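Data block below; observations after.
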Amino acid sequence: RPRHIPPGGGAHVHDRQRAPLAEATVLGLFEDWVATTCDRELQPGDTLVIYTDGVTEAMNPLEEEFGTDRLQATVMAYRELPAAALVKKIQAAVQQFSRGSQSDDLTVVVAHVHERSAGTAGGAQAKS
């Protein structure tokens, strides 16, 4: 479930109401499967967060889900951190919310898009 954070904030989720969402079932488990894909052109300053449902569906003792709103708030609060540090902040927020109870994986990938250095081809590059 990708989440795109533009440089000035204004984070939004690519979902079926707003834009196509690249989503699939468990990868590699089924020989024949169909998945929805989409292309996005990321710009310098953008942050891409890809995560499994174990992040958004993590539950607290009141059986409330962490959800995309809490994920977005966490990303927005720490989006200026290096990618590895942002991943740790997201994982810590989920674990704090769920009081350490984990029933699914917490997989998070973060990539920041930076300007290419002078003398390199192309416009921007992603760094994770």
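The values are calculated or read from the model by the stated rules, or taken from the named source; none is laboratory data. Because the structure is predicted, anything quoted here is derived from the model rather than measured. We place every Cβ from the backbone using ideal geometry, glycine too, and count neighbours over all the protein chains shown. Only protein heavy atoms, including side chains, enter the accessible area calculation; ligands, DNA and RNA are left aside. Shrake-Rupley method; radii C 1.70, N 1.55, O 1.52, S 1.80 Å.
Evaluate the distance, in nm, between pseudo-label points positioned 7 Å from the Cα of Met59 and of Glu31 along their respective Cα→Cβ axes.
Each label point is offset 7 Å from its Cα along the Cβ direction, giving 3.6 nm.
Compute, for Glu115, the solvent-accessible surface of its heavy atoms (probe 1.4 Å) with the complete set of protein chains present, and express it in square angstrom to the nearest 10.
About 120 Å², rounded to the nearest 10.
Any chance you could run the full-extension gain for Met76 through Ser101? It's 0.36 nm times the residue separation minus the Cα-Cα distance, nm to one decimal. Mind dumping the intermediate values first?
On the way: separation 25, 0.36 × 25 = 9.00 nm, distance 2.44 nm.
Extra length available between Met76 and Ser101 comes to 6.6 nm.
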